[in-house]
Amino acid sequence: GSASLAQVHRATLHDGRQVAVKVQHMDIRGVLASDLVIARWLDAAAAYFFKEQEFSLKWAVDEFESNVLLELDFRLEADNALRCKDFIAAAPPDISDRLSVPDVMQEWSTDRVLTMEFAEGIPVSKLCKAIRNKLAQATDEDEPTQVMEEDPTFAGVDVQAVGLQLADTLVSTFGAMVFDFGFVHCDPHPGNLLVQLPDKEQPHARFVLLDHGLYRTLSEPVRLANCGFWKSMALQDEEGIRAFGRTMGIDEKTSVVLPLYFVSRSCRTRAGLGQPITDEEKAELKRELAEAGLLQGNGAGGVSLKGMGALADRVPGDMMYIMRTMHLVGDLHRQLGSSKNRRFWTYMRQAARGHWIHRGRKTSFLDRFLRPLGSRFGTWWFQWHLWLREAFLTCLSQWRGSSTTHFSLAGTLGESREEVTHRSPTPQPA
């Protein structure tokens, strides 16, 4: 196959091993240099035409330039793959038994050629399509395609059960990377994930994680602060959100709006995680977006280009990539048939556990003995506290009986843009 930076070929080594050889395009460095010139010219043009909104994409171009230069060195990708294998080896069985990374052939790799074990598997997008067809057949919502009948790949396989199991594996894996390991694969789009279906030797479906060119390493203070940030979002603790946000280099104005992106509610929302909200609460969330500068007016206006650009400037690059990664994971998690609520709870549990892990710090024998106990008790106490809050909010929502709207930041920004378009006056003929 061919990608933007390289071509991948299947090959056989002299000893008979099947390998995948990733060969960098010969002229890619010159192409990228010209692409960057064009991107900076387009940024300058956008800044000129939208100067009243103070719009700029300079941050995106800078991030692209710094990351693509790293991705051009395949030795770094090999190191990332090896480090990811170390993460899997140290992970709990719900990850280590259900996730793999192809072995790297160091002796056959250079900065422009990467040789790895050839991994068999099904594209995860193919499984997602089979799940959609199965759901369509069950609900008769639309005319299903014939993939289930024509494709023998899934014969005798409960694709919905496999999808739910893989959805849990996906969220557990990237939650552990973000909250526990602090070393995050930042490009988990469907093309980088293969599925190996269960068989006699392998009772669980497994993911094969590919393309290890784009990773972010979180410093220990930032990783711990991010764990605290997520716990505070779960408990709707605004002071905690502000404090942990400052530690991560995020100003208070931005910190209080990030829960709308991560968990689809603010500290003022009276609805459980992943639960529907009232129209009044949605209007209040729009007002909060307007206060943060993301919407114009009092939340009834369109998207503010100035506010969107300013938000990107105020969030550190590492956290921008974490946000992007969680968005990709969330979208694939949904396509695999699981729920937003289940994803949120997994992240919260891992954040609580990760808050007790201190990497790179010298510890005494007593500390090594007590910390696991503290971790178990602290995680349990946090989950119990969160469960009580969520039970109360769910009962409150059912008692009100008018919570029918699901909130998402991307959807709300899109709606606001459409509303403004529909309100624009139509020129009348003279």
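The values are calculated or read from the model by the stated rules, or taken from the named source; none is laboratory data. Bear in mind the structure is a predicted one, so any value in this text is a computation, not a measurement. Here Cβ is always computed from backbone atoms with ideal geometry, including for glycine, and neighbour counts include all displayed protein chains. For accessibility, only protein heavy atoms count, side chains too; no ligands or nucleic acids. Shrake-Rupley method; radii C 1.70, N 1.55, O 1.52, S 1.80 Å.
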*Given H placed on each backbone N at 1.01 Å, which residues far from Asp103 in sequence or on other chains put an amide H within less than 5 Å of it?*
Glu117
*Leaving ligands, DNA and RNA out of it, rank His327, His355, His385, His185 by accessible area with a 1.4 Å probe, largest first.*
His327, His385, His355, His185
*Which residues' amide hydrogens lie under 5 Å from the amide hydrogen of Ile277, considering only partners 5 or more residues apart or on another chain, with H built in the peptide plane?*
Thr404, Thr405, His406, Phe407
*Can you give the accessible area per residue of the range 1-49, in Å², using a 1.4 Å probe?*
68
*Multiply the residue separation of Val31 and Val113 by 0.36 nm, subtract the distance between their alpha-carbon atoms, and state the gained length in nm to one decimal.*
27.7 nm
*Work out the length of the dipole vector of the range 129-265 about its Cα centre, built from +1 on the beta-carbon of each Lys and Arg and -1 on the beta-carbon of each Asp and Glu, and round it to the nearest 20 debye.*
620
*Convex hull projection area averaged over all views, the range 133-275, Cα basis, nm²*: 11.9
*Carbon plus sulfur fraction of accessible area for the range 313-358, probe 1.4 Å, in percent*: 48
*Vicinal HN-Hα couplings computed from phi for the range 271-281 (Karplus, 6.51 cos²θ - 1.76 cosθ + 1.60; Hz; Gly/Pro x)*: 8, x, 4, x, 9, x, 10, 7, 4, 5, 5
*asked:* For the range 1-131, I need the span (max minus min coordinate) of the C-alpha atoms along each principal axis, in Å, sorted largest to smallest.
replied: 60, 37, 32
*Where labels lie 7 Å past Cα in the beta-carbon direction, separation of Phe49 and Ala391 in nm*: 5.6
*For Lys200, go through the lysines and keep the ones whose alpha-carbon is under 23 Å away, minus same-chain ones fewer than eight residues off.*
Lys126
*In the structure displayed, which of Lys134/Lys231; Lys253/Lys286; Lys129/Lys340; Lys134/Lys340; Lys85/Lys134; Lys134/Lys282 lie more than 25 Å apart, Cα to Cα?*
Lys134/Lys231; Lys85/Lys134; Lys134/Lys282
*In terms of the ratio Rg/(2.2 N^0.38 Å) built on C-alpha atoms, what value belongs to the range 60-131?*
1.38
*Leu295 long-range amide H proximity, modeled H, under 5 Å*: Ala290, Ser304
*Per residue accessible area of the range 67-208, 1.4 Å probe, in Å²*: 46
*Got a number for carbon plus sulfur as a percent of the range 86-224's accessible area, 1.4 Å probe?*
53
